[in-house]
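Presented below is the structure to which this report refers.
Coordinate-derived values only; no laboratory data. All of these numbers come straight from a predicted model, not from anything done at the bench. No Cβ is skipped: glycine too gets one built from the backbone with ideal geometry, and neighbour counts run over all protein chains shown.
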Amino acid sequence: MSEHRLGNLLHQKNRHEFILSTKVGRVYRPFKGDPVLFDGSPWVGGLPFEWNFDYSAAGFERSFLDSTMRLGLNQIDLLVIHDLDRSYHGKSVSNKLQELETGMEWLKMMKNSAAIRAFGAGINDIEMIPLFLEHFELDFFLVAMP
């Protein structure tokens, strides 16, 4: 919902006036059922879509393309790997980091082709930074909750 709203606002601006980031790694699909019964907790007023994490190249591409469509914009400057940390994935975080290997190749390809300017990771657990740096080369970290 926020990307729809933000896109409407940004259409009133010249593209060189802002830097735009969005997240990759969460893929949405339509809720199968009566939309009236959809519980979008913890968010209020969201559209009836369920989601799952997908850190693969295919998942990142899907996240990216979905965001461009929701925003109504064809260029995004920064991509943020979304919530790849222990608070969401617990003991399976190492499996998700393995899945991220193909996602990282896709991010590098996007940056090398100038489709994006940079990519990084948005995390809630500051202890994930050394783990990321041990395996991957990122341009930045966005720490939401230290």
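Loop by DSSP (not H, G, I, E, B), at most 11 other beta-carbon atoms within 10 Å: where is the longest site-free stretch of the chain for GluC sites (Glu not before Pro)?
Here the longest run is 1-126.
Taking the centroid of alpha carbons for each part, segment 30-100 and segment 125-146 are 19 Å apart. For the chain, taking Cα atoms only, Rg and Dmax work out to 15.8, 45 Å respectively. Taking segment 56-88 and a reference point 7 angstrom along Cα→Cβ of PHE38, the backbone N atoms nearer than 20 Å belong to 62-72. With neighbour counts taken as other beta-carbon atoms within 10 Å, the residues LEU84, LEU133, LEU138 rank, fewest first, as LEU133, LEU138, LEU84. Can you compute the FRET efficiency between LYS91 and PHE18 using 1/(1 + (r/R0)^6), with r the Cβ-Cβ distance and R0 = 35 Å? Round to the nearest 0.05. Working from the Cβ atoms, E equals 0.35.
If the limit is 19 Å between Cα atoms, which of LYS23/LYS96; LYS13/LYS111; LYS23/LYS108 go over it?
Over 19 Å Cα-Cα: LYS13/LYS111.
In the elastic network of the chain, a GNM with C-alpha springs shorter than 10 Å, the most mobile of ILE19, ILE81, ILE116 is ILE19. Remark: relative contact order (segment 99-146) = 38 percent; criterion is Cα-Cα distance under 8 angstrom and separation of 6 or more residues. Most fluctuating residue of ARG29, ARG117, ARG62 in a GNM of the chain with Cα springs under 10 Å: which is it? Of ARG29, ARG117, ARG62, the Gaussian network model singles out ARG29 as fluctuating most. Each DSSP beta bridge with both residues in the chain is either parallel or antiparallel, and the antiparallel ones are about 30%.
Between ALA118 and MET1, the modelled label-to-label distance comes to 3.1 nm, taking each label 7 Å out from Cα in the direction of the beta carbon.
Based on C-alpha pairs under 8 angstrom that are at least 6 apart in sequence, segment 2-143 has a relative contact order of 26 percent. Among the DSSP helices (H) of the chain, none spans at least 30 angstrom by Cα along its long axis with an average Kyte-Doolittle hydropathy of 0.5 or more; this is a geometric and hydropathy rule only.
By the rule of a C-alpha distance below 13 Å, with chain neighbours fewer than 8 residues away ignored, the aspartates and glutamates paired with LYS32 are GLU50.
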